[in-house]
Amino acid sequence: MLVAGASGFVGRRLTAALVEAGHPVRAMTRRPERYEGPGEPVRGDVLDPSSLATALEGCTAAYYLVHSLDSPDFERMDADAATAFGEAAGDAGLEQIVYLGGLGRDRDFEHLSAHLRSRREVEGLLGAGGVPVTVLRAGIVVGSGGISWEITRQLVQHLPAMVTPRWVNTRTQPIAVDDVVRYLVGVLGNADALGEVFEVGGPEVLRYADMLKRVARIEGRPLPIVPVPLLSPSLSSRWLALVTDVDSEAGRNLVESMSTEVVVEDDSIRRVVPFDPMGYDDAVRAALAEHRSPR
C-alpha cells in the first residue's frame, strides 16, 4: 500500500508500524532521494497530479496524511490535492483510502473553523474516483513533533505563567499518537471500516487549561493561568509565534479551531479496532521522553 505523507508526524510512525506488521509499503514523498524511513520511497506530489499514477500503480490501498496548514491558501490547495489523489486512486483500482481528519460535530459545520471545514471537505473529495474512504477523526494528537502537542509543550516549558485567551476552556479529547497509529493500522482492509467515518480519542475529556496544567505537573513546575477573554484568535496566534517555534501560519489556523469543542460522540471504532487507549498523562510522558531522546 501507499502512504502519502510518510515523512510527517503521523506518517513516519504509521509507515514503521505497517512495515513491522509485514505489509509492503511505498512511502510517497516529493524527494525520495532524501527519504530515510522504512518502506520503499516513491516520488509523488499531491499538487502534481501527473506524478500520482506511477506512485499508486499496483497498490490496493492508500493512506492520505497530507495537509497544507502552513499556507494561507490551504483550503484551495487541500481541496485540489484531495480531488487529484481520489481520482488517481480510482484510476489505479484501489480498494480503500484511509484518511486522518479532525473531530467536530457535523451539525455545527457552519461554525467550524476554516481548518476543520477543510478537513470535512477533503473527506468527500477523496472519494472522487469511487474508492471507499475510511475516515478517522481525531482532536489533539499527543506526540513529539505534532503541532498541537508542540504548542502545549512549549507553552508550559517556556512560560513562568500564562495569560490565556477564552479557548483554554474549550473541551477536547486528546489521544496518543501511538494509539492513532494503532487505529490506522487496524482499519486497513477491514470490511467493517470501508466507507465509514470513525471518531477516535483517548479516555479523558479535558479543557486545554487542564491539559497545560497536567503537563506542568508532570514536568514538576507551577503554571499559574490568568484568563484574558478579549485575547482574539489573531492576537493569540501572534502570541504563540513569540513563545513557540511553531510555524505562524499553521499556528494561526489551529488557534481558530481551538474555540470548537472536539469530543468523541460515537465510539464505534472501539468495536472495529478493540483496545484501550492510553490516558493523557501516560501519553504526555511518552511524548516528553521521545522529545528528549528522539527515535
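Taking (1) surrounded by 22 or more Cβ atoms within 10 Å (Cβ to Cβ); (2) modelled with pLDDT of 95 or more in turn, G139 satisfies each apart from (2).
Give the residue, chosen from V98, V66, V46, V135, that is aliphatic (A, V, I, L, M), touching a strand residue (DSSP E or B) at 6+ places or on another chain (Cβ under 8 Å) and without any contact (Cβ under 8 Å) to a residue 60 or more places away in the chain. The unique qualifying residue is V46. Quick check, is V3 in a loop (DSSP other than H, G, I, E, B), out of contact with any Pro (no Cβ under 8 Å at 6 or more places or on another chain) and crowded, with 17+ Cβ neighbours inside 10 Å? Taking the combined requirement at face value, the residue does not satisfy it.
I need the full set of residues from segment 142-153 which are modelled with pLDDT of 90 or more and under 28 Å from L194 (Cβ atoms), in order please. Don't jump to the end; show me each part of the working.
The initial filter retains those residues of segment 142-153 that are modelled with pLDDT of 90 or more, namely 142-144.
G143 - this is the single residue of segment 142-153 that is modelled with pLDDT of 90 or more and under 28 Å from L194 (Cβ atoms).
Sort through P274, P294 and tell me the only one that's more than 15 Å from V141 (Cα to Cα), surrounded by fewer than 17 Cβ atoms within 10 Å (Cβ to Cβ) and modelled with pLDDT of 75 or more. Can you show your working first?
Details: P294 fails: modelled with pLDDT of 75 or more.
Checking each option against the conditions leaves just P274.
Of the residues making up segment 17-46, those that are surrounded by 18 or more Cβ atoms within 10 Å (Cβ to Cβ), over 21 Å from T83 (Cα atoms) and of a type in the set (A, V, I, L, M) are L18, V25. Considering only residues of segment 11-60 that are in contact with a helix residue (DSSP H, G or I) (Cβ under 7 Å, 6 or more places away or on another chain), among the β-branched types (V, I, T) and modelled with pLDDT of 95 or more, which is farthest from Y183 (Cα to Cα)? Within segment 11-60, the match that is farthest from Y183 (Cα to Cα) is V42.
The values are calculated or read from the model by the stated rules, or taken from the named source; none is laboratory data. Note that this is a predicted model, so its numbers are computed, not measured. With ideal geometry, Cβ positions are generated from the backbone for all residues, glycine too; neighbour counts draw on all protein chains shown.
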